[in-house]
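Participant: The structure that follows is given in the form of structure tokens.
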Amino acid sequence: MHHRHESHGRGGKPSPRHAYYRHGPRRRRSRGGPRARRGDIRAAVLALLAERQMHGYEMIQELEERTKGVWKPSAGSVYPTLQLLEEEGLIRGTEADGKRRFELTDDGRKAQEAHEGAAPWDQVTSGLEPEVFRLKRSFEQLVASVGQAFDAADESQRAKIRELLDETRKKVYGILAEDS
């Protein structure tokens, strides 16, 4: 039996009363603030490999470090890029110690050298104020400390932490409501 709000109209499409239309599509929010600008994965991989051989996970870590956490590409974007660049003959992968390390081929070095402009990781962070990085770092440290409360705190400590977080959240909204 279908409930009225779950019914589908003609063509199997949800009716306007369906949750999707009432509230819009559900979107994942990244922890730590607004979504970072996407960098050019292809250019970043070539630039990193111009410096030294690396495996995919190292590239992800390097990009996160060089952008102070603003850009951490997913494995789902890095590994397909590596495969594509290898198929194009721009990089070569070799197995070592159970990990596949990549290096530029001669064609890859030429393609990387032809790239003009700022490094891909600098393009991601250009225009961002230093305070953005400090705020993100403070937030990450807060999340880590609260995460410990789930395992290490007793019931009384958890209640105090929850009250502090509720008060802090209200103060943040108060700051955002202030006139500049």
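Laboratory data are not the source of any read-out in this text; all were calculated from the coordinates shown. For clarity, every value in this text was computed on a predicted model and none was experimentally measured. Note that we place each Cβ from the backbone using ideal geometry, even for glycine, and neighbour counts take in every protein chain shown.
Participant: Going by C-beta contacts inside 10 Å, put Phe102, Phe150 in order with the fewest on the left.
Facilitator: On the way: Phe102 23, Phe150 9.
If I rank by nearby Cβ atoms, fewest first, I get Phe150, Phe102.
Participant: On to the next question. In vacuum, with every alpha carbon of segment 41-127 counted as one equal point scatterer, what does the Debye formula give for log10 I(q)/I(0) at q = 0.15, 0.16, 0.17, 0.19 Å⁻¹? Two decimals, please.
Facilitator: Evaluating at q = 0.15, 0.16, 0.17, 0.19 Å⁻¹ gives log10 I(q)/I(0) of -0.51, -0.58, -0.65, -0.82.
Participant: Principal axes first, then extents: for the Cα atoms of segment 131-177, list largest minus smallest coordinate on each axis, whole Å, largest first.
Facilitator: If we take the Cα atoms of segment 131-177, the spans are 34, 22, 7 Å.
Participant: Moving to a separate point now. Under 29 Å Cα to Cα from Lys68, which lysines show up? Leave out anything in the same chain fewer than 8 places away.
Facilitator: Lys99, Lys110, Lys136, Lys170, Lys171
Participant: Please list, ordered by chain and number, the residues whose modelled amide H lies under 5 Å from the amide H of Ile91; skip anything fewer than 5 residues away on the same chain.
Facilitator: It is Glu86, Thr105, by chain and number.
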